[in-house]
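Heads up: the structure comes next, in structure tokens.
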Amino acid sequence: MAIIIKNQEQIEGIRKSSQLAGHTLNFIAPYVKPGVNTEYLDNLIEQFMRDHGAIPATLNYNGYPKSSCISPNNVICHGIPSKEMVLKEGDIVNIDVTTILNGYYGDTSRMFQIGEISKEANDLLEATKHCLNLGIQQVRPGNYFGNIGYVISRYAQAKGYSVVYEFCGHGVGIQFHEDPQVDHIARKNTGAIMKPGMIFTIEPMINMGKARVSVDKHDGWTARTVDNKLSAQYEHTVLVTAEGVEVLTDVDGMFSMTPINNAAL
Ligand code: MF3
Ligand code: CO
Ligand code: CO
């Protein structure tokens, strides 16, 4: 399957869906507190999306049962919201939401802290956020997809962290998961070449300990670190523009100043 180059109409539709996904994370933020169970958060997320004319993309996707993925502490990704999973002081948690609005997909996730967290947890969050930003700075026409994973893995490993390689970013927009696969650990100047109109996610998962993933045998989804150490993830949906990058899921204006990137490797 080739990498889809989106036309103007598709870009506008994916931009709207991506913005709604970003707003969904802002909406849920004040509810992410000690004592709350993750099924409650999932229900609020589903209602918010539906109130805005969207459908949660994860619901019934390959049998996935919920409207978001909520992944605390040692859960790398695909945590299934449940009544039993109650957030507590000191936890870190990723909330990952994907909207389908008028048929178009937008995919984003970020970390939340529950009350006060440890310095080591805070350092992991900051480093992971920086990994996503470094990856975004590599997005421009003519650059190699591999350079996204190159800068992410170089930075994370220099900090003593490991990079999850069993889950990747992906093309997105017309379908949930399109080509290409966007690796977060890669060699310099490898892979496909970015072209204007490509839309994909960058979603590094960074671990305190070992990189390996262990998927829960019982639910078939929950992906945990093999050593039960902490894992963090941030995700944005990005568009390759003629000049550089537009971060479609950014609703906080964090990336409005980065239309052109010439970040050196
Ligand atoms: N939102 C996730 C991603 O970033 C995918 C979740 S698929 C699910 O690609 F089925 F687990 F929900
Ligand atoms: Co994604
Ligand atoms: Co996602």
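Below, the figures for the structure above:
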{"item": "Per-region count, the stretch 180-198, residues in a strand (DSSP E or B) and touching an Asp or Glu at 6+ places or on another chain (Cβ under 9 Å)", "result": "1"}
{"item": "Residue in the stretch 67-75 that is touching an Asp or Glu at 6+ places or on another chain (Cβ under 8 Å), away from ligand 3 (no atom under 12 Å from the Cβ) and farther than 24 Å from residue 202 by Cβ present", "result": "no"}
{"item": "Any hit, the stretch 32-40, residues being buried (at least 24 other Cβ atoms within 10 Å of the Cβ), within 27 Å of residue 179 (Cβ to Cβ), at pLDDT 95 or above and in contact with a Gly (Cβ under 9 Å, 6 or more places away or on another chain)", "result": "no"}
{"item": "Count of the stretch 36-56 residues which are in contact with a helix residue (DSSP H, G or I) (Cβ under 9 Å, 6 or more places away or on another chain), hydrophobic (A, V, I, L, M, F, W, C) and assigned to a loop (DSSP other than H, G, I, E, B)", "result": "0"}
{"item": "Check on residue 79, small (Gly, Ala, Ser) and closer than 27 Å to residue 123 by Cβ", "result": "yes"}
{"item": "Any hit, the stretch 60-73, residues being more than 13 Å from the chain's Cα centre (by Cα) and of a type in the set (A, V, I, L, M, F, W, C)", "result": "no"}
{"item": "Residue in the stretch 104-123 that is more than 27 Å from residue 186 (Cβ to Cβ), touching a helix residue (DSSP H, G or I) at 6+ places or on another chain (Cβ under 6 Å) and not basic (Lys, Arg) present", "result": "yes"}
{"item": "Pick from the stretch 191-234, criterion surrounded by 21 or more Cβ atoms within 10 Å (Cβ to Cβ) and of a type in the set (Phe, Trp, Tyr), ranking: nearest to ligand 3 (Cβ to nearest atom)", "result": "234"}
{"item": "Of all residues making up the stretch 45-93, the number that are away from ligand 2 (no atom under 16 Å from the Cβ) and within 18 Å of residue 220 (Cβ to Cβ)", "result": "9"}
{"item": "Among (1) more than 21 Å from residue 4 (Cβ to Cβ); (2) charged (D, E, K, R); (3) touching a Phe, Trp or Tyr at 6+ places or on another chain (Cβ under 8 Å); (4) surrounded by 15 or more Cβ atoms within 10 Å (Cβ to Cβ), the one test that residue 188 misses", "result": "(4)"}
{"item": "Looking only at the stretch 165-179, and only at residues there that are surrounded by 24 or more Cβ atoms within 10 Å (Cβ to Cβ) and assigned to a loop (DSSP other than H, G, I, E, B), the one that is farthest from ligand 1 (Cβ to nearest atom)", "result": "173"}
{"item": "Criterion: more than 12 Å from the chain's Cα centre (by Cα) and more than 13 Å from ligand 1 (Cβ to nearest atom) - qualifying residue of 223, 242", "result": "242"}
{"item": "Members of the stretch 199-219 that are in a loop (DSSP other than H, G, I, E, B), in contact (Cβ under 8 Å) with a residue 60 or more places away in the chain and in contact with a Phe, Trp or Tyr (Cβ under 9 Å, 6 or more places away or on another chain)", "result": "203, 204, 208"}
{"item": "Which listed residue, of 69, 77, is at pLDDT 95 or above and touching a His at 6+ places or on another chain (Cβ under 6 Å)", "result": "69"}
{"item": "So residue 70, is it surrounded by fewer than 23 Cβ atoms within 10 Å (Cβ to Cβ) and within 14 Å of ligand 1 (Cβ to nearest atom)", "result": "no"}
{"item": "Candidate set: the stretch 59-108, residues that are among the polar types (S, T, N, Q) and outside any strand (DSSP E or B); chosen: the one nearest to residue 25 (Cα to Cα)", "result": "68"}
{"item": "Residue check for residue 80: within 27 Å of residue 242 (Cβ to Cβ) and among the aliphatic types (A, V, I, L, M)", "result": "no"}
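The values are calculated or read from the model by the stated rules, or taken from the named source; none is laboratory data. Just so you know, these numbers come straight off a predicted model, no measurement behind them. Reconstructed Cβ throughout: ideal geometry from the backbone, glycine too, with neighbour counts over all protein chains shown.
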